[in-house]
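The values are calculated or read from the model by the stated rules, or taken from the named source; none is laboratory data. Just so it is clear, the model here is predicted, and its values are computed rather than measured. Heads up, the Cβs are rebuilt from the backbone with ideal geometry, glycines too, and the neighbour counts pull from every protein chain shown. Ligands, DNA and RNA are excluded from the accessible area calculation, which covers all protein heavy atoms including side chains. Shrake-Rupley method; radii C 1.70, N 1.55, O 1.52, S 1.80 Å.
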Amino acid sequence: MKRILVTGGAGFLGSHLCDRLIARGDEVICVDNFFTSQKANVHHLLGNPNFELIRHDITHSLYVEVDEIYNLACPAAPGHYQYNPIKTIKTSVMGAINVLGLAKRINAKVLHASTSEVYGDPDVHPQPETYRGNVNPIGPRACYDEGKRAAETLMFDYHRMNNVDIRVVRIFNTYGPRMHPYDGRVVSNFIRQAIAGEDITLYGDGSQSRSFCYVDDLIEGFIRMMDRPKGFHGPVNLGNPDEFTIRELAEHVVELASSRSKIVQARPLPEDDPTQRQPDIALARQNLDWEPQVKLRDGLVKTVEWFRSVDLSTFRAPTPNY
Ligand code: NAD
Ligand code: UDP
Ligand code: UDP
């Protein structure tokens, strides 16, 4: 049994990770400030003696004793991270410093949730880890992209200077049950709109692409990366290489939800919105023996089911941007 800290543990990915760790018998401390999540995501774990929930903001220091840390705390949806951009970059940078200071003191392993956004609007396609990216450092996405890039820098500097055992994963668009219905991300928007029979809102003409990974596949990748023997620190891409245009995604959602919604061009493509994104996962295949198993249509069916099963009126929109 290991003692494991999950920052951002009440969020979409964090709550699935807590479930996996608890199910295999670990002791989990979940730390979250509930900016973009709510307790409902971990409510089912609250009575479990191996689970502890702490309301805490990781821009402040944290003193606990654990064997491993998964650092996930950070708003992830564009509307949420752009709502208070200064707080977003503080969360990435000061959060990483605190987590790394903690890991150094207690000699814990750290897995850090980085992102495909470190590649910006990529001019290399698909994106291998060696690609250094095309990020606008002063645009509306910079608080997130540059914050995540700086956090990666901190991970590697603490590793080189203080020998902290770090593992950096770069996550590509991931979806599934417990995505916040009002996070403004494309999968949650389209499913919510399809179920309600509202127009499906394409930004731009929908020809931009993304590659969507089902949450269970991603969590498996996290665990393989953390459990791997010392020596491979990443960064490693985790995502599903099957690439779709946003219009194709809209068509799938409408069909799978048996919806009457119309697909409309609702607004222009947002500034700095990447036009294409697809992970090169050769490194993950080689080092983690990992690749996604769930096809987009199968994952969407499960996600639509979840959206239908919850009462949307019980969700508070974290920001007006959805
Ligand atoms: P999420 O918003 O559901 O989860 C993030 C969690 O962090 C939330 O519970 C939020 O309340 C918490 N949080 C935010 N700021 C905090 C702070 N200062 N202190 C403590 N807690 C804080 O998003 P998610 O999709 O679960 O993302 C989890 C991590 O994975 C993030 O770091 C995100 O950048 C990264 N990621 C996710 C995706 C994706 O497609 N889901 C893609 C790339 C990277
Ligand atoms: N820190 C923490 N928990 C710990 C140890 C450190 O939150 O158990 C924080 C501490 O507040 C500090 C940061 O981690 O701001 C970085 O710590 P480090 O020891 O690397 O640097 P220093 O304290 O020398 O600035
Ligand atoms: N998008 C869209 N309609 C929506 C929400 C998003 O067309 O209602 C587009 C968005 O402009 C982007 C893509 O879908 O091109 C993915 O957006 P998301 O916010 O999910 O994540 P990103 O990959 O941009 O961080």
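Quickly run through region 143-166 and pick out the residues that are touching a residue at least 12 places away in the same chain (Cβ under 8 Å) and either aliphatic (A, V, I, L, M) or within 16 Å of ligand 2 (Cβ to nearest atom) (or both). Give the steps one after another, and end with the answer.
Within region 143-166, the subset touching a residue at least 12 places away in the same chain (Cβ under 8 Å) is 143-152, 154-156, 158-159, 162, 164-166.
Selection gives Ala150, Ala151, Leu154, Met155, Phe156, Tyr158, His159, Asn162, Val164, Asp165, Ile166.
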Of (1) under 18 Å from Arg267 (Cα atoms); (2) within 16 Å of the chain's Cα centre (by Cα); (3) crowded, with 24+ Cβ neighbours inside 10 Å, Phe172 satisfies every one except (1)
Q | Filter pass, Asn71 being touching a residue at least 40 places away in the same chain (Cβ under 8 Å), open to solvent by less than 20 Å² (accessible area, probe 1.4 Å) and away from ligand 2 (no atom under 16 Å from the Cβ) | A | no
Checked Arg260, Arg297 against criteria (part of a loop (DSSP other than H, G, I, E, B) and at pLDDT 95 or above); the one match is Arg260
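Please enumerate the residues belonging to region 1-31 that are assigned to a strand (DSSP E or B) and open to solvent by less than 10 Å² (accessible area, probe 1.4 Å).
Within region 1-31, Ile4, Leu5, Val6, Thr7, Val28, Cys30, Val31 qualify.
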On the given criteria, is Arg224 modelled with pLDDT of 95 or more, touching a Ser or Thr at 6+ places or on another chain (Cβ under 7 Å) and charged (D, E, K, R)?
no
Check: Scanning for something buried (at least 20 other Cβ atoms within 10 Å of the Cβ), near ligand 1 (Cβ under 10 Å from one of its atoms) and among the hydrophobic types (A, V, I, L, M, F, W, C), does region 53-60 turn up at least one residue?
Finding: yes
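Being surrounded by fewer than 18 Cβ atoms within 10 Å (Cβ to Cβ) and either in a loop (DSSP other than H, G, I, E, B) or acidic (Asp, Glu) (or both) is the filter here; which residues of region 300-322 pass it? So that I can check it myself, show each step before the final result.
Within region 300-322, the subset surrounded by fewer than 18 Cβ atoms within 10 Å (Cβ to Cβ) is 301-302, 305-306, 308-317, 320-322.
Answer for region 300-322, where residues must be surrounded by fewer than 18 Cβ atoms within 10 Å (Cβ to Cβ) and either in a loop (DSSP other than H, G, I, E, B) or acidic (Asp, Glu) (or both): Glu305, Val310, Asp311, Phe315, Arg316, Ala317, Pro320, Asn321, Tyr322.
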Within region 221-257, the residues that are within 22 Å of the chain's Cα centre (by Cα) and in a loop (DSSP other than H, G, I, E, B) are Arg228, Phe232, His233, Gly234, Pro235, Gly239, Asn240, Pro241, Asp242
Using the structure shown, decide if Asp217 is in contact with a Ser or Thr (Cβ under 7 Å, 6 or more places away or on another chain) and either buried (at least 16 other Cβ atoms within 10 Å of the Cβ) or within 24 Å of Val294 (Cα to Cα) (or both). no
Taking region 178-196 and the residues there that are open to solvent by 20 Å² or more (accessible area, probe 1.4 Å) and farther than 18 Å from Tyr81 by Cβ, the one that is farthest from ligand 1 (Cβ to nearest atom) would be Ala196
Taking first residues from region 220-247 that are within 17 Å of Val187 (Cα to Cα) and second residues anywhere that are of a type in the set (Asp, Glu), the pairs with Cβ under 7 Å that are 6 or more apart or on different chains are Asn240/Asp217
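With respect to Asn134, is the statement that it is polar (S, T, N, Q) and either more than 9 Å from ligand 1 (Cβ to nearest atom) or open to solvent by less than 20 Å² (accessible area, probe 1.4 Å) (or both) true? Give the steps one after another, and end with the answer.
Values: polar (S, T, N, Q): yes; either more than 9 Å from ligand 1 (Cβ to nearest atom) or open to solvent by less than 20 Å² (accessible area, probe 1.4 Å) (or both): yes.
Against the criterion (polar (S, T, N, Q) and either more than 9 Å from ligand 1 (Cβ to nearest atom) or open to solvent by less than 20 Å² (accessible area, probe 1.4 Å) (or both)), Asn134 qualifies.
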- Is there a residue being open to solvent by 40 Å² or more (accessible area, probe 1.4 Å), in a loop (DSSP other than H, G, I, E, B) and within 13 Å of ligand 1 (Cβ to nearest atom) anywhere in region 37-51? no
By residue number, the members of region 258-289 that are within 23 Å of Leu218 (Cβ to Cβ), among the aliphatic types (A, V, I, L, M) and buried (at least 18 other Cβ atoms within 10 Å of the Cβ) are Ile281, Leu283, Ala284, Leu288
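For region 96-113, check the following and say yes or no: at least one residue is more than 16 Å from ligand 2 (Cβ to nearest atom), open to solvent by less than 60 Å² (accessible area, probe 1.4 Å), more than 18 Å from Arg3 (Cβ to Cβ) and modelled with pLDDT of 95 or more.
Initially, region 96-113 is screened for residues more than 16 Å from ligand 2 (Cβ to nearest atom), giving 111, 113.
Then drop every residue that is not open to solvent by less than 60 Å² (accessible area, probe 1.4 Å), which leaves 111, 113.
Cutting the leftovers down to more than 18 Å from Arg3 (Cβ to Cβ) gives us 113.
Narrowing further to those that are modelled with pLDDT of 95 or more: 113.
Looking through region 96-113, at least one residue is more than 16 Å from ligand 2 (Cβ to nearest atom), open to solvent by less than 60 Å² (accessible area, probe 1.4 Å), more than 18 Å from Arg3 (Cβ to Cβ) and modelled with pLDDT of 95 or more.
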